[in-house]
1. Mind listing whichever residues of the range 45-101 are surrounded by fewer than 17 Cβ atoms within 10 Å (Cβ to Cβ) and in contact (Cβ under 8 Å) with a residue 60 or more places away in the chain?
2. Taking the range 114-144 only, how many residues are within 13 Å of the chain's Cα centre (by Cα) and assigned to a loop (DSSP other than H, G, I, E, B)?
3. Could you check, for the range 107-116, whether at least one of its residues is more than 18 Å from residue 58 (Cβ to Cβ), surrounded by fewer than 19 Cβ atoms within 10 Å (Cβ to Cβ), without any contact (Cβ under 8 Å) to a residue 12 or more places away in the chain and out of contact with any helix residue (DSSP H, G or I) (no Cβ under 9 Å at 6 or more places or on another chain)?
4. What number of residues within the range 145-157 are within 17 Å of residue 109 (Cβ to Cβ) and either within 12 Å of the chain's Cα centre (by Cα) or free of Cβ contacts under 8 Å to residues at least 40 places away in the same chain (or both)?
5. Across the range 145-156, what is the total count of residues that are part of a loop (DSSP other than H, G, I, E, B) and closer than 15 Å to residue 66 by Cα?
6. Of all residues in the range 132-157, count the ones that are over 15 Å from residue 116 (Cα atoms), surrounded by 11 or more Cβ atoms within 10 Å (Cβ to Cβ) and modelled with pLDDT under 90.
């Protein structure tokens, strides 16, 4: 019984360490802006990630966007905001989440070479994904974006 508990504790600890290895992306708004998108009510993912999306990529991630394979060290940020409508305009509201994908084939081999984390309201101390990265992020990315190295967004010139 003690062996089983120890094994379970070590497994959970390793999952939490892997999630903790995805750092808050300081300065990401100075990176390349890849795209913006608004998911409105009625979209299948609205409940989970509805709102205004801004996608940012560091230099290594830009190599991946241009070449199709993302190298280790690539970081992609999904900055999510609430929206408000009025006066025939859709405006950015409060920040909901800063989601991060970090490429490291060795650290994150169980999730396609990508580490995932979300920071609630953009607060580096409020991790929103943690040990749930495999089910909360990777499962959807693996199913929907298998042909694009698990990345949903596409770079256009």
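1. Those that are surrounded by fewer than 17 Cβ atoms within 10 Å (Cβ to Cβ) and in contact (Cβ under 8 Å) with a residue 60 or more places away in the chain: 66, 68, 69.
2. Adding up the residues that qualify gives 3.
3. Yes, some residue in the range 107-116 is more than 18 Å from residue 58 (Cβ to Cβ), surrounded by fewer than 19 Cβ atoms within 10 Å (Cβ to Cβ), without any contact (Cβ under 8 Å) to a residue 12 or more places away in the chain and out of contact with any helix residue (DSSP H, G or I) (no Cβ under 9 Å at 6 or more places or on another chain).
4. Residues of the range 145-157 that are within 17 Å of residue 109 (Cβ to Cβ), as a first pass: 146, 149-150.
Those left that are additionally either within 12 Å of the chain's Cα centre (by Cα) or free of Cβ contacts under 8 Å to residues at least 40 places away in the same chain (or both): 146, 150.
The number of residues fulfilling the criteria is 2.
5. Kept after step one, since they are part of a loop (DSSP other than H, G, I, E, B), are these residues of the range 145-156: 145, 149-156.
If we keep only those that are closer than 15 Å to residue 66 by Cα too, we end up with 149-156.
Residues meeting the conditions: 8.
6. Total satisfying the criteria: 1.
The values are calculated or read from the model by the stated rules, or taken from the named source; none is laboratory data. Since this is a predicted model, take the numbers as computed values, not measurements. Cβ: placed from backbone, ideal geometry, glycine included. Neighbour counts: every protein chain shown.
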